[in-house]
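Reviewing the structure listed below.
The values are calculated or read from the model by the stated rules, or taken from the named source; none is laboratory data. No experiment lies behind these values; they were computed from the predicted model shown. FYI the Cβ positions are ideal-geometry reconstructions off the backbone, even for glycines, and counts take in every protein chain you see.
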Amino acid sequence: MSVATDAITQQGTRLFRTLYIGLILLMIAVLASVVTEVATIDVRRKLDNALQLERDLGLLLSTLLDAETGQRGYLLTEKDAYLEPYRLALDSVAPILRRIGSEVREDSIQQLRLQRVSGLTADKFAELSRTLQLDAAGQRDSLTQLLESDLGRSLMDQIRHTIDQLRQEELSDVKMRQQQVDRLSAITTVLRFVGVLGLAFVFYYIYTQLRPLYARNLQIITDRDREIEERKRIEEVNTELIASLNGKNAELDQFAYIASHDLREPLRTVSNYVEVLTEDHADQLDAEGLEYLSVIHRSTDRMRLLIDSLLQYGRVGRGEQRNPRVDLHQVVREALENLHFAIEQSAATVTVGELPTLPGYPIALRQLFQNLLANALKFHAPGTPPVVDVFVADTDDGRVTLAVRDHGIGMTAADQDKIFDLFTRLHNAHTYEGQGIGLAYCQKIVQLHQGQLTVLSQPGQGSTFRVTLPTV
Amino acid sequence: MRKLGRILLIDDSEADNFIHARRFGKMNIAEEVVVRANGQEGLDYLTTPLPTGHYPRPDLLFLDINMPVMDGWTFLDTYQHLADEHRARVTIAMLTSSVGDSDYARAHAYAVLDGHEAKPLQKEKIRALLGSHFPHITHP
């Protein structure tokens, strides 16, 4: 029992541990996804920044080119409209530079480059402004000299170069981050894969552990169903048995009726005609013939008694209601009243003690005591009047033992085993008459009450019949 | 009146009828003993006028229960609804079973029955019956 309980506890612990492992694996898979996602967001932000920077750098370059182109056009045509891009550029360059500044604020090298671009841009505008001033002042020589110095072109080239550097740097940075994310993604993908695989194993393990439990429960339920089926079947068989027993009982009743009517009728006819012969034709018979007739008469009488006794035996307790309170004192008194002829004839002394009240079948109990008392009165030594006592011998929990004691001829131990069998007679009919039914009948009545009937006896020492009956 | 007018025996047992009729004759208690073999014959007899124009009207009727054609119970079912002139003055059922049987309870259920006796009807039983139902009859 405890071994089985331990096994179940161990199995439960294993299951929980596996469940924890499964949860940890699930968490790893989820974390891996989250980390990848966060890293990707960072890269995307960086990429947006790089695109913005790219766009602003392009804008700066084109603004400067526009300004230079406008300056050249003005110098050639002297038309004020050509100066429009130059003025616009003067206004817009500063915000563009500020935007770029915020876009590279996280990188100090880029900031240095931006400073250089800002410086070169300022130089470029200074150069442009100088040419315009020289032009306005009409100093053509100084102007030509300045233009031919290639200062403007050189500044422009330097700006272009630095912008390219800014661009390249930003691009390589983006590329590097992209590679980092790709590596992270590869790792987390493996992690996720391992997590999912582990989870699958965990689930499979739990399944294999739960499967037998489920199967066992299923088996228990199936067994129980089968047991219920079996019980139902047995009940049906019992019902059939009871029905068949009832049928048998009815048949027995019918048999008893037929026996009482059909067996007695021919017997009655025989005794009737014996009577007719004795009354009407006695003078035609000699003494021997008359004696034969008397033997026939006595035999038919015995046969009639035998049939009546058998019928009574067969119908113990039948057609009688169980009474919860039967006064045994009254039962014994009635039995003695029915036996008063035998008591008077044998000059017997019968003493009855205090007797209890118990549940039972009143008529059957009366017949029981009548039979036991009749026996006690019958089996006494010739010439000695019978002395019979009826008393409570023992009171146990829920049971009472009543005794009917005589001081008669008694019997041997071997005989005591036989007396409760049907048709057992210890003496021949001349000494003590009877059909050998009485005690078998008593036994049947006692069994009807779920009691016990025993005898204590020794030859010459009398017999005590003990009836043990339930009092509840 | 020193003896009964007519006794009717309804019984299928010839031996019983013989013994009972012989016993009534020996006791000399009736002018006439009529025997019928079953309930149907008994009813026919009771409801058919004699040559004198009167119905038989027995003083005493002994009715067996187990009979072929019509048994005692079926006979009683009809008999209890007959007019007085078709019935006997005293009706006794003859039961063959022992005390405590269902037949006894059943016999008590018929108000038309004046009593019941176990077969055979011995002299003592007959005397006791006459004594209780016909006290004015003198009998041996």
*Return the residue satisfying two criteria in turn: it lies in region A:367-417 and is small (Gly, Ala, Ser) and surrounded by fewer than 15 Cβ atoms within 10 Å (Cβ to Cβ), and of such residues it is farthest from A:Gln458 (Cα to Cα).*
A:Gly398
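What residue, of A:Val326, A:Val270, is within 30 Å of A:Val472 (Cβ to Cβ) and aliphatic (A, V, I, L, M)?
Sole residue among the options that is within 30 Å of A:Val472 (Cβ to Cβ) and aliphatic (A, V, I, L, M): A:Val326.
Here is a yes/no grid of residues against (1) at negative phi; (2) surrounded by fewer than 20 Cβ atoms within 10 Å (Cβ to Cβ); (3) of a type in the set (Lys, Arg); (4) at pLDDT 90 or above:
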position: A:Arg304; (1), (2), (3), (4): yes, yes, yes, no
position: A:Arg318; (1), (2), (3), (4): yes, yes, yes, no
position: A:Arg333; (1), (2), (3), (4): yes, yes, yes, yes
position: A:Leu355; (1), (2), (3), (4): yes, yes, no, yes
_Checking the structure you have, find out if any residue of region A:256-265 is within 13 Å of chain B (Cβ to nearest Cβ), over 18 Å from A:Val390 (Cα atoms) and surrounded by fewer than 13 Cβ atoms within 10 Å (Cβ to Cβ)._
yes
*asked:* Quick check on region A:309-330. Is at least one of its residues out of contact with any strand residue (DSSP E or B) (no Cβ under 7 Å at 6 or more places or on another chain), over 30 Å from A:Thr468 (Cα atoms), part of a helix (DSSP H, G or I) and within 14 Å of another protein chain (Cβ to nearest Cβ)?
replied: no
*asked:* Exactly one of these conditions fails for A:Val276: (1) surrounded by 11 or more Cβ atoms within 10 Å (Cβ to Cβ); (2) within 14 Å of chain B (Cβ to nearest Cβ); (3) modelled with pLDDT under 85; (4) in a helix (DSSP H, G or I). Give me its number.
replied: (3)
*asked:* Suppose we keep only residues that are assigned to a strand (DSSP E or B) and surrounded by 17 or more Cβ atoms within 10 Å (Cβ to Cβ) within region B:1-33. Which one would you say is nearest to the other protein chains (Cβ to nearest Cβ)?
replied: B:Leu9
*Take A:Ile242 and decide whether it is more than 14 Å from chain B (Cβ to nearest Cβ) and either part of a helix (DSSP H, G or I) or surrounded by 10 or more Cβ atoms within 10 Å (Cβ to Cβ) (or both).*
yes
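Any idea which residue in region A:335-353 is nearest to the other protein chains (Cβ to nearest Cβ), counting only those that are of a type in the set (A, V, I, L, M, F, W, C) and surrounded by fewer than 15 Cβ atoms within 10 Å (Cβ to Cβ)? Quick ask: steps written out before the conclusion?
So the first thing to find is which residues in region A:335-353 are of a type in the set (A, V, I, L, M, F, W, C), and the list is A:335-336, A:339, A:341-343, A:347-348, A:350, A:352.
From what is left, the residues that are surrounded by fewer than 15 Cβ atoms within 10 Å (Cβ to Cβ) are A:341, A:347.
Working: A:Phe341: 17, A:Ala347: 28 Å.
Among them, the one singled out is A:Phe341.
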*Report the residue count in region B:1-49 for those that are more than 25 Å from A:Val270 (Cβ to Cβ) and small (Gly, Ala, Ser).*
4
*Tell me, which strands (runs of 3 or more DSSP E) wholly within region A:379-472 include 3 or more residues that are within 60 Å of the chain's Cα centre (by Cα), within 22 Å of A:Arg333 (Cβ to Cβ) and not hydroxyl-bearing (Ser, Thr, Tyr)?*
A:387-396, A:399-406, A:463-470
